[in-house]
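Undergrad: I have a structure here, written as structure tokens, and I will follow up with some questions on it.
The values are calculated or read from the model by the stated rules, or taken from the named source; none is laboratory data. Predicted model, so just to flag it, every value in this text is computed and none were measured. Counting neighbours? That spans all protein chains shown, and the Cβs are built from the backbone with ideal geometry, glycine included.
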Amino acid sequence: MVGKLYASSSPHLRQGDTTRKIMLDVIIALLPACIASVVIFGYMSAVLIAVSVVSCVICEYICRRIMKRNNTIGDLSAVVTGILLALNYPVSLSPLIAIGGSVVAIVIVKQMFGGIGQNFVNPALTARIVLLTSFSSKMSNWTEPFAYLNKNAADAVSTATPLADGEHLTSYFDLFFGIHGGCLGETCVLAILLGGIYLVARRVITPLIPLTYMGTVAILSLCFGLDPIYQLLSGGLMLGAVFMATDYTTTPLSNLGRFVFAVGCGLLTMLIRQFGSLPEGVSFSIVIMNILVPYIEKFTRLKPKGFIKPKKESASK
Amino acid sequence: MAKKSLLQEFTKGIIKENPVLCLVLGTCPTLAVTTSAANAIGMGVSATLVLLCSNITISLLRKVIPNKVRIPAFITIIAGFVSIVQMIVKAYAPSIDEALGVYLPLIVVNCIILGRAEMYASKNGVIASAVDGLGMGVGFTVALLCMGIIRELLGAGTIFGIPVTSNFMEPITIFILAPGGFFVFGMLIALANKLSGKCKKPEEIGCGSCPMKSKCHKNTEEGAVE
């Protein structure tokens, strides 16, 4: 009788959610964007994604071994980081640099701060920023879509991203289906939206952050006199809003906090796009807001129902 | 015995009490100046000269300086030597003066020099102070040189301006910029901690200095037991 009585602390009802299952869902959600990148930019994008994923997993394994911690490559988080990182590269990037990016993301940003759930900024985005400041010309060497089909032309035909070309030359149709120059995963909005809808349907993410982020960008671009649809569909905004700004570890817990976080991301993105020297500011704005998350948490902490501030109570008496 | 202790005074500044990597003093010039190995040596040697001279002078005057105004007195002495060193550098190595810019006169407020004056020279004899200053200066220079070489090699592909890897590898520009400086600085501190045997597990350090101790579950549980 005694042996059948289990004493355990709550929660007693559990869902079958594990880190591994959530990460698997994210990987499935990223697949359309990966396929789109291979279709648009050719087999080299598949090579880049593979190199990035494998190097991320190897880095994670070696790191955990050296630090004598239990190995966490089974939770697939390194795979997700690898795919996200690869989706931020231009197709012309050398795989060696991609390995460097994996080392920065996994070793410096993730494992040195304690591994999964302990990193204070998004590993993939930070690695992208490090590479962007280090190899700025190579990281912004955009190849024209379907250049791999045309064998007579030079290997890589450079082009500007829709955000950088000044005049809005790309049509909404091309923007939506990703037929323009850019990073591997950021061009095809359709594929990213498919992944986002899957994540929302599987309840891996809530649509609050992506929608607020996009809404802020749309409203601000109207204020600046820009075309809001063009601003939404171009650049890394969709990829950032759906996959980067919704990272569990680096976003606030409460809904109000998430709202503030997403508005901040949108504000910074538009400020950088409009006034900064770089054409795109999604990665910088998300990382800056990641750093501000502890402060957002502090000011948006949930209060128990009926909670009165102790000071006020004594004053009213 | 005196000789051995002098030797110890000298060597402690290089690894065990390295001013930059263990005491974490003088961080500002360390990060700002180490973009190249040549700059690092220029800064290190200038600071060592100032440190040596100011330590000797302050040690000589330690019984004359009233305790209440000792900091202004130290600063004045240090400022005098910094001016001399700055003029010498301007006269004989104008390129280094240009590269170091404002950080050369800023040696005046360098924590290492004021720290050694306050902690050591004002309490010890002339010879010991001189050796201490020299050891600390060498430690500072070695740390700067390490950082300078690493940052220059990775960030520009050269060492002392001589191309090493820049012919076959594209340099990683971020190491020349400020964030790369912080990366290298952090790694070198970790390495110095490992070398000097100061690595401790979190349990050995205890919760005393942790900023989150009031909210940490470990602490409240322990507190309840106690």
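Undergrad: Taking A:Arg69 and the conditions (1) within 14 Å of another protein chain (Cβ to nearest Cβ); (2) assigned to a helix (DSSP H, G or I); (3) farther than 18 Å from A:Asn141 by Cβ, which numbered condition does it fall short on, given that it satisfies the others?
TA: The failed condition is (2).
Undergrad: So in the range A:111-130, with the set limited to residues that are of a type in the set (A, V, I, L, M, F, W, C), within 12 Å of another protein chain (Cβ to nearest Cβ) and farther than 16 Å from A:Ile286 by Cα, which one is surrounded by the fewest Cβ atoms within 10 Å (Cβ to Cβ)?
TA: Step by step, filter the range A:111-130, then rank; the result is A:Phe113.
Undergrad: Being surrounded by 24 or more Cβ atoms within 10 Å (Cβ to Cβ) and of a type outside the set (Gly, Ala, Ser) is the filter here, so list the residues in the range B:1-32 that pass it.
TA: If the condition is that a residue be surrounded by 24 or more Cβ atoms within 10 Å (Cβ to Cβ) and of a type outside the set (Gly, Ala, Ser), then B:Asn18, B:Pro19, B:Val20, B:Leu21, B:Pro29, B:Thr30 are the ones that fit.
Undergrad: Moving on to the next point. So, of the residues in the range A:131-148 that are buried (at least 23 other Cβ atoms within 10 Å of the Cβ) and in a helix (DSSP H, G or I), which turns out to be nearest to the chain's Cα centre (by Cα)?
TA: By that ranking, first place goes to A:Leu131.
Undergrad: Say whether the condition of being closer than 16 Å to A:Leu87 by Cα, among the aliphatic types (A, V, I, L, M), at pLDDT 90 or above and part of a helix (DSSP H, G or I) is met by at least one residue in the range A:6-26. Give the steps one after another, and end with the answer.
TA: Pass one, the range A:6-26, residues closer than 16 Å to A:Leu87 by Cα: A:26.
Imposing the further condition that a residue be among the aliphatic types (A, V, I, L, M) reduces the set to A:26.
Narrowing further to those that are at pLDDT 90 or above: A:26.
Then keep just the ones that are part of a helix (DSSP H, G or I); that gives A:26.
The answer is yes; a qualifying residue exists.
Undergrad: Right, something else. If you take the residues of the range A:1-59 that are of a type in the set (Ser, Thr, Tyr) and within 20 Å of the chain's Cα centre (by Cα), which of them is farthest from A:Tyr89 (Cα to Cα)? Spell out the reasoning first.
TA: Step one: of the range A:1-59, the residues of a type in the set (Ser, Thr, Tyr) are A:6, A:8-10, A:18-19, A:37, A:43, A:45, A:52, A:55.
Next, from what is left, pick out any that are within 20 Å of the chain's Cα centre (by Cα): A:19, A:37, A:45, A:52, A:55.
Details: A:Thr19: 26, A:Ser37: 11, A:Ser45: 9, A:Ser52: 10, A:Ser55: 15 Å.
Looking at residues that are of a type in the set (Ser, Thr, Tyr) and within 20 Å of the chain's Cα centre (by Cα), I get A:Thr19.
Undergrad: May I ask you to say which residue of A:Ile99, A:Ile108 is within 14 Å of another protein chain (Cβ to nearest Cβ), at pLDDT below 90 and surrounded by fewer than 21 Cβ atoms within 10 Å (Cβ to Cβ)? I'd like the intermediate steps shown before the answer.
TA: Details: A:Ile99 fails: at pLDDT below 90.
Of the residues listed, the single one that is within 14 Å of another protein chain (Cβ to nearest Cβ), at pLDDT below 90 and surrounded by fewer than 21 Cβ atoms within 10 Å (Cβ to Cβ) is A:Ile108.
Undergrad: Just checking, which of B:Gly135, B:Gly42 is in contact with a Gly (Cβ under 9 Å, 6 or more places away or on another chain), among the small types (Gly, Ala, Ser) and closer than 27 Å to B:Phe182 by Cα? Reasoning before the result, please.
TA: On the way: B:Gly42 fails: in contact with a Gly (Cβ under 9 Å, 6 or more places away or on another chain).
The unique qualifying residue is B:Gly135.
Undergrad: Could you list all residues from the range B:155-174 that are within 14 Å of another protein chain (Cβ to nearest Cβ) and at pLDDT 80 or above?
TA: Matches in the range B:155-174: B:Gly155, B:Ala156, B:Gly157, B:Pro171, B:Ile172, B:Thr173, B:Ile174.
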